[in-house]
Every structure is written in C-alpha cells, then in structure tokens.
Amino acid sequence: MACDCIGVDIEGDSLFSYKEQVSLIQVSGNGKNYIFDPLVLDSVQPLSALFENRSILKIFHGSDYDIVSLKRDYQFKVGPVYDTALAARAIGIKQFSLQNLIETYFQVKLSKKFQKANWKLRPLSKDQLDYAALDTIYLHRLYQILSEAVEKKGRSDQLQEECLLMEEITWSGTPFEPNDYIRTKGARALPERSQQVLRELIAERDKIAEERSAPPFKIISSRYLIVMAEKMPRNPVEMQELFPKKNISIVKYTERWLSAVQKGLVTEEPLPDRVKNVHPPLTSGQEKVLKSLKGWRNRQAEAEGLEPAMVLTASVLKEVARYKPRKIEDFSAIPQMRTWQIRRYGEQLFKEVAVRKPPSKTEDNSPTD
C-alpha cells in the first residue's frame, strides 16, 4: 500500500470473552479498504512493518484502545498517530463520536447495528464487513478537515504532543488476583468477615468466567455478590429467600456460591492492606487554591469554547494546588502536565497561584529550587 496515511480501526471481543483479543483489523488508504482477520489468518505479523513505518501516518478515532490492543496481542509499535477524536475535542466539538462527526461533515448516518456484536463469531456476514469498513473509510477526509481546523485554532502543538503520548500507551491489565475484590463497588464498606466472603465469591465468579470463556460481568452482577457477602446464605433455601426472583446464574451455580460463602466464613487468610493514597489530603489552604484554579480553568474553557478537561484536567489542577510552584519552570515536575499546557497557560496559572495567600510551613509542599 503506497500512501502517506491510512485510517485504522479494530474490532475486539471484550463483551464476549474472558480474555479479550483483537478480532478484526481494518485499514483504509488510497481509496482502498482492507480487512484482516486474525482469527482466520495464520499470522498478522507482516502488518508490523506497516504500523511501524513512520513515513505513513496512522489515523485513528479514539486511538488508546486500538493501540493498546495491537500492542497487547501482537507487540506492534504504532506510529506516527493522529487521533480524530482528540482533534475534534481540541476545536471545541462536544459531540465527537465517529458517527456524529461523519454525519456532521459528510451527511452520512452510520448504522449502530453491530456496535455490540460478537466479533469473534465466524463466518462474518457481508453487513458486518461493510460496517467494519465504514469505521475507516472516512478517517482520511476527516483528518484533512480537522487538522486544518486545529491549525486555525492554534492547537497543532497540542495534538502533536497528545498523539505522541498515545504511541507510548501500553496494556496495563494484570492476571486476576482474589484481593482485587476490593475494587468492587461497596466492598470497602463491608465488615471484615463479609469482605472475606466477597473475596471468595469474586474468585469463584472468575473461575466460572474462565471455564465459560466469558467476561465475569456476564456471569453475575457484582451487586448480587455484595448481597450474598452481606447476608451470607448457608443453604439453597436461604439463597432462594435472598433472591426470590429467579436469576439463571444464581440458580445454575447455587452450590458453587454457597461453597464460596462457606470458604469465606472459615478462612484465616488476612484481608489486603487498604491502599493508601500516595499523597495526603489537600490542606484547607490548598483546597482554596484548587477552587480558585478550577474557577480560572472553567472561565478559560468557556472563553475558548472547549471542554474544561481540554484546558487542564481536575487531577492536574489538584497537583498544581498541592505543589504550588514557585516559578513557571516548576510546572514541568507536575505529573501528567503537558508541555503545551505550560507553554499556553503557564503564566496565567502561575499568577493564579501567586495571588493566593502563601501557605504555612506545614502546608508548603512546593518543589525545592
């Protein structure tokens, strides 16, 4: 494929598999559209040369998931990258889904029929293949329109830096660990014995999910497991009283859930230490600085016609308030703060921080000179 840019998209099976994987790779360039099927081909490794060729721009819409998946499954190095979702947000477009952008710029309404399809099932229908191809067909034209608009908005440096960072994004998933139960909504509020029961229930759900090659949430909702952990049913009758409305997963695996409850009741394995924050809570003085910074950020976003997060995210503002930089150069030490943000907003931010009352010695967490 001799061209200087290509549109790229993937389809995955995260809604239908225990361990998700790339199910299709779509590429469009020079008016031609290609669909590669990793589940049928012996290998898609020859594509690595295409994805790593830095003379060819790879245009994605919402590139993080696609790049992470390609790295995770095939160790592809993808670059250079241009993300049309980031570009749309950088010029103030609020409805920046691919479907909305294509309808806005090309008056074409894309079907959502296969948005949640099981892409690991074979054979694929012609309608599915057509649907998959449409996700890349318009990317080159969209890139041309948006990149010009971004340049007029004076945000090309922003897009360049953000897209370079996207190239570095990697898979952060880890194998299942029973103590991961603590991430379940409502888990921390349970008493210790109930947490031990919940840990066993979560572990049992993961075993069933792996056996069935299905995502855990498709086996049973976490809220049902929270109820079991709270009430700790000991027999089928108590389980039925707890869930009078028939639930297939509860009925089918009643014995396994009851066994997990029993394990949790007798286990002596300690609960995990609660994860401590890297930083202590903000002091009252820092909270005042943060409130002032958010006010400035929101006014700035409104003036520029952007989402507030496209100026500075709340997490970055919190770090600015925490460290209270003494000079503009100190902003570069703040995690997640971009060079383009310092260049564009550094002076305004510094003035906003400087007008606040200086912190006391106990509140001063500024970087040292």
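Read the figures in this text as sums done on the coordinates, not as results from a lab. Everything quoted here is computed from the prediction, not taken from an experiment. Because the Cβ atoms are built from the backbone with ideal geometry, glycine has one as well, and the counts that use them run over all protein chains shown.
Data for the structure
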{"item": "Estimated [θ] at 222 nm from DSSP helical runs (n ≥ 4, -39500 (n - 2.57)) normalised by residues in the chain, nearest 500", "result": "-15000 deg cm²/dmol"}
{"item": "In region 261-323, GluC sites (Glu not before Pro) in a DSSP loop with at most 10 other beta-carbon atoms within 10 Å", "result": "268"}
{"item": "Gain on full stretching of the segment that runs from residue 333 to residue 211 - 0.36 nm per residue minus C-alpha separation", "result": "39.3 nm"}
{"item": "At most 12 other Cβ within 10 Å, DSSP loop - chymotrypsin sites (Phe, Trp or Tyr not before Pro), region 159-193", "result": "171"}
{"item": "The chain: relative contact order as a whole-number percent, Cα under 8 Å and 6+ apart", "result": "15"}
{"item": "Selection from 182, 232, 132 lying farthest towards where the dipole of the chain points positive, charges on Cβ", "result": "232"}
{"item": "Residue pairs, from the table 77/185; 94/294; 19/58; 32/113, whose Cα atoms sit over 30 Å apart", "result": "77/185"}
{"item": "Estimated FRET transfer efficiency (residue 326, residue 156; beta-carbon r; R0 30 Å; 0.05)", "result": "0.45"}
{"item": "Rel. contact order, % - alpha carbon contacts under 8 angstrom, at least six apart, region 78-152", "result": "42"}
{"item": "Relative contact order, percent, region 284-354 [alpha-carbon distance under 8 Å, six or more residues apart]", "result": "33"}
{"item": "Percentage of interatomic Cα-Cα distances in the chain larger than 40 Å", "result": "35"}
{"item": "Net charge dipole size for the chain [Lys, Arg +1 and Asp, Glu -1 on Cβ; Debye, nearest 20]", "result": "1200"}
{"item": "Net charge of neighbours whose Cβ lies under 12 Å from the Cβ of residue 178, counting Lys and Arg as +1 and Asp and Glu as -1", "result": "-1"}
{"item": "Residues 61, 140 arranged by fewest to most Cβ contacts within 10 Å", "result": "140, 61"}
{"item": "Å³ per residue enclosed by the Cα convex hull of region 148-264", "result": "177"}
